[in-house]
1. Calculate the dipole size of region 316-466 relative to its Cα centre from +1 charges on Lys and Arg beta carbons and -1 charges on Asp and Glu beta carbons; express the result in debye to the nearest 20.
2. If amide hydrogens are placed 1.01 Å from N in the peptide plane, which non-local residues have theirs closer than 5 Å to the one on D418?
3. Would you mind pulling out the separation of the Cα centroids of region 253-304 and region 310-326, in Å?
4. Report the label-to-label distance for D380 and V283 in nanometres (one decimal), using points 7 Å from each Cα along the Cα→Cβ vector.
5. Exposure proxy check: Y281, Y44 ranked by fewest other beta carbons within 10 Å?
6. Using only the alpha carbons of region 216-293, what is the convex hull's orientation-averaged projected area in square nanometres?
7. At R0 = 22 Å, how high is the FRET efficiency between L226 and D326 if r is their beta carbon distance? Nearest 0.05 is fine.
8. Subtract the Cα-Cα distance of E105 and S80 from 0.36 nm times their separation in residues, and report this length gain in nm to one decimal.
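Values quoted throughout were computed directly from the atomic coordinates according to the rules given, and no laboratory measurement underlies them. All figures in this text were calculated on a predicted structure; none of them were measured in a lab. Here the Cβ is made from the backbone with ideal geometry for all residues, glycine too, and neighbour counts use every protein chain on show.
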Amino acid sequence: MQRLGGMDAAFVYGETPTMHMHVCGLMILDPSTMQGGDPYDEIYSMLAERLPSIEAMRHRLMTVPLNLGRPVWVDDRNFSIDRHLGHRRLRPPVDDRALAALAGEFTSRQLSRDRPLWEMLLIEGLTDGRVALLVKMHHSTVDGVTGANLMGDLFDLEPVTHHEQAVEASSPTPPPSSLQLLEQSLYARMLEPWQLARLVPATIARVTDAAWRLLVRHEAGPSPTLPFTAPRTSFNSAVSDRRSVAFVDVSLPTVKKVKDALGVTVNDVITTLVGAALRRYLVERGELPDHTLIAAEPVSVHGMSKAADGTTQVSVMFTSLGTDIDDPAEQLQRVAGANRTAKEVHALVGADTLLEWAQHFWPNSFGLGARLYSRLHAADHHPVVHNLILSNVPGPPIPLYLAGARLVGMYPLGPVMDGAGLNVTALSQEDRIGFGMTACAQLVPDVWHLADAIPRSLSDLAEAVT
């Protein structure tokens with residue numbers, strides 16, 4: 001038995017019928033390097049071999065009676081790969097847009113909580129004999145760092161076979177009794193007044209110090225980007241339960257060439273590409289606001305937080321996308337300055353502040369608040385917190401193989417939420433950066449318009465700085 005961390009539990013409490021708290025990934029695989037035959041059989045054999053040593057993929061969720069404490073992970077005594085791995089053979093050729101439509105359907109379905117919170121779907125019939133693997137995991141089980149660790153468990157550096165005898169998992173541990181869960185949860189709640197007595201003044205001191213330092217240095221650099229100051233766009237409303245997906249690749253060497261030309265970071269260039277693509281998208285729709293769009297960027301705080309329990313250890317910072325600037329090079333410089341300020345603010349407030357507060361979220365009140373917020377469409381009536389979620393995940397620079405098949409494309413697909421119906425996540429792999437875009441299908445009618453603008457924006461940026 002393992003109790004969920006505060007942030008893990010928040011993703012469980014905050015899930016509603018329209019706000020799905022899972023993350024997905026679309027992998028394109030070349031099965032010509034497989035030494036076996038059928039891709040489904042090979043992947044099934046690989047999972048049977050590897051999963052006994054990956055506890056996170058064999059644990060199911062168990063709630064505390066009356067939701068008086070954070071849920072716990074327990075062994076799934078009925079675990080079966082067949083309940084998690086699906087298979088669809090389609091008539092080829094399945095192009096990118098048809099594949100994205102399937103990914104949208106896959107992403108729109110919530111995970112069943114009576115089993116470990118993950119699911120895979122193998123799709124055959126892509127062009128050139130390729131196959132696709134869609135992966136879905138609840139955000140309570142994975143974040144950027146743990147996702148990278150999971151890739152290390154499942155992927156290989158060469159196309160090895162997986163017909164070895166599957167390792168037998170240890171006998172499942174019986175789940176705790178309701179009385180045990182209640183006793184542990186009540187004990188944890190009894191400690192909360194003393195913990196909050198330390199946390200409240202510490203948080204006030206951090207925020208006050210950050211505000212004072214930023215006020216003193218205001219003339220020396222860009223003003224910080226603050227939440228609740230974002231302009232409203234068509235995708236900043238309450239979301240439906242339907243998702244649309246698009247994906248695209250750009251050249252990593254070209255991104256690095258732009259980075260070196262202006263002395264900025266890869267993340268600065270990626271943020272600017274998304275901002276420029278959004279500017280194109282909104283101009284085409286006649287919706288470009290006068291003020292810049294604001295992105296919420298998740299930040300990993302693994303190793304930086306005292307709240308060490310749990311899988312998900314992330315904080316968030318807010319940054320400008322420079323969508324009010326037409327010149328590509330000027331936009332990149334603005335974004336780079338905004339990112340530097342955002343990192344400074346994040347450091348001043350404290351990397352683990354959000355995680356520490358998440359330890360004290362009450363399940364019933366948090367869950368009820370999330371459901372009411374969603375049902376009442378509250379996001380339509382208050383100032384926009386941020387326009388979208390934007391993530392950049394550094395990936396492996398070397399070839400990878402899954403069950404012997406070479407990975408030729410990888411596109412992360414993050415969650416959307418009420419008030420921010422668009423998520424853009426970038427992941428580098430070998431010599432390319434894959435952009436995965438998830439949107440509320442009702443708020444973003446054609447997310448492919450946005451995806452198609454990413455390579456065009458990189459071309460414009462490269463031309464402007466060289």
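1. Using only the charged Cβ atoms, the result is roughly 500 debye.
2. It is V239, by chain and number.
3. First find each Cα centre; the distance between them is then 10 Å.
4. So the label points at D380 and V283 sit 3.1 nm apart.
5. Y44, Y281
6. Average projection, Cα convex hull of region 216-293: 8.0 nm².
7. Numbers: r = 24 Å, r/R0 = 1.10.
After rounding, the FRET efficiency stands at 0.35.
8. Working: separation 25, 0.36 × 25 = 9.00 nm, distance 2.34 nm.
Roughly 6.7 nm would be gained on extension.
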